[in-house]
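Written below as structure tokens is the structure these notes are about.
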Amino acid sequence: MFNIQRPDLIPMLMNGVFASGGGSTSPATLPAPKTLLQKQPASPFVIGVDLGGTQIRAAVIHESTLISRANRMTPASEGPDAVIAAISQTAHEALESAEISINDIKGIGVSTPGPLNPQTGVVFTAPNLEGWANVPLRDKLQAVFPDLPVYIGHDATLAGLGEWKYGAGKGSSNMIYMTISTGIGGGIIANKLLVDGAVGTAGEIGHMYVDMNPHAPVCGSGHRGCLEALASGTAIGRDASDRYAAGTARAIAQGYYELIGEHPTEEQRQPEPGETLALRARDVAEAAKRGDAEAIEILQAAGRVIGFGIVNLLHTLNPDRIVLGGGVAMGAGELLTQPINAVIEENAFQIAAKEVELTFASLGGDNGLIGAAAYVAYRQGLEYPNNTVL
Ligand SMILES: [Zn+2]
């Protein structure tokens, strides 16, 4: 995958050299243009937009290749119209630096924090974006780009779509993407189709209930005992912080001290009674990699809870692949997958467990952008199943 601007690729892309199925085609053996038009997309280019709480990113994309990119800060506190204007500016910048006419773009896909309805294009609410309540994002963007089809999708779902099309999920027919970062989200592909649900909110696998204890922790959406409340990066950090306040987790705090540029001695690191420290999942993963037993214990506990969530998914959906992404999963690596696999082995139907492959996301930080772009082709493929020139 190219992460850099490659205007030099554009003439080749326009001629279909890199179009799907053309892997063995060299420029010298290209068929006549007329044949190309019948068999290849009229234009291979798509604009992908990744709308985040802090940053808006846009790129002109061909399959998983970024031709150009543009970024700007999200005016998150200024309301939906300011954010939509910023999306428009960022998309236009990406288009300009790709040196491609808007007439050669076949659509815009926007990865959006949800919940939202991808069919109506309405965003119900968006965490970290002020004033977002039932915003008709698709229609508002359609007014800005009247000649382009606009599609919006849930960010975790589209990251999963990107992994399915071009990353670790390639070739799978029943895939679940689980992103573990500050929260836990996901995307479900069943029988080669994205699962939207009645109003588009399917795939919220982080909010499965896994602990019925009345004293279980609560997630940001108010669920007591959901997977996110127990095993997200926030939960892992909270576990470490609680232990620190109780007088342990000293080795985990080392990462925090390094972050703020201090190197206290063991004595100085002893907290006053009641002193707290906001430790992060990253501090826990780093301490675990240094061999700290308490950090390993915290990650194993989180991994076991995630394992039970995955067993529920195995029993419900019988996936052939589960792709783990997000900063916490990628950072903890096998420290998380070992307990997950142990729980699957102990608790899942063997026939379902035997068929599933647990793997890590492979598209890196651009999976949201690539997924947003892949969503345009996915939706157009559903809308025009017999049209080979889309
Ligand atoms: Zn929840």
Looking only at helices (runs of 4 or more DSSP H) that lie completely in region 172-280, which have at least 1 residues being away from the ligand (no atom under 12 Å from the Cβ), surrounded by fewer than 17 Cβ atoms within 10 Å (Cβ to Cβ) and at pLDDT below 95? 233-245, 250-259
Among the residues in region 47-63, are any more than 20 Å from the chain's Cα centre (by Cα), among the acidic types (Asp, Glu) and outside any strand (DSSP E or B)? no
What do you reckon, is GLY109 at pLDDT 95 or above and on the phi > 0 side of the Ramachandran plot? no
What is the residue count in region 319-348 for residues that are under 16 Å from the mean Cα position of the chain (by Cα), under 18 Å from ALA301 (Cα atoms) and of a type in the set (A, V, I, L, M, F, W, C)? 4
Whichever residue in region 352-380 is of a type in the set (S, T, N, Q) and at pLDDT 95 or above and, among such residues, is nearest to the chain's Cα centre (by Cα): SER362
Report, ordered by the first and then the second residue, all pairs with beta carbons closer than 7 Å, sequence separation of six or more or different chains, a first member in region 250-277 that is in the same structural domain as ILE296 (by TED's automatic domain parsing), and a second member that is modelled with pLDDT under 75 and surrounded by 15 or more Cβ atoms within 10 Å (Cβ to Cβ). ARG250/ARG269; ALA253/ARG269
Say we look at region 294-327 and pick out the residues that are outside any helix (DSSP H, G or I) and charged (D, E, K, R); which of these is nearest to ALA156 (Cα to Cα)? ARG321
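Among the residues of region 312-342, what is the count of those that are without any contact (Cβ under 8 Å) to a residue 60 or more places away in the chain and not hydrophobic (A, V, I, L, M, F, W, C)?
Here is the first cut: in region 312-342, the ones without any contact (Cβ under 8 Å) to a residue 60 or more places away in the chain are 314-316, 330-335, 337-342.
Among the residues that remain, those that are also not hydrophobic (A, V, I, L, M, F, W, C) are: 315-316, 331, 333-334, 337-339, 341.
Of the residues in region 312-342, 9 are without any contact (Cβ under 8 Å) to a residue 60 or more places away in the chain and not hydrophobic (A, V, I, L, M, F, W, C).
The values are calculated or read from the model by the stated rules, or taken from the named source; none is laboratory data. This structure is a prediction, so every number in the text was calculated from the model and none was measured. We place every Cβ from the backbone using ideal geometry, glycine too, and count neighbours over all the protein chains shown.
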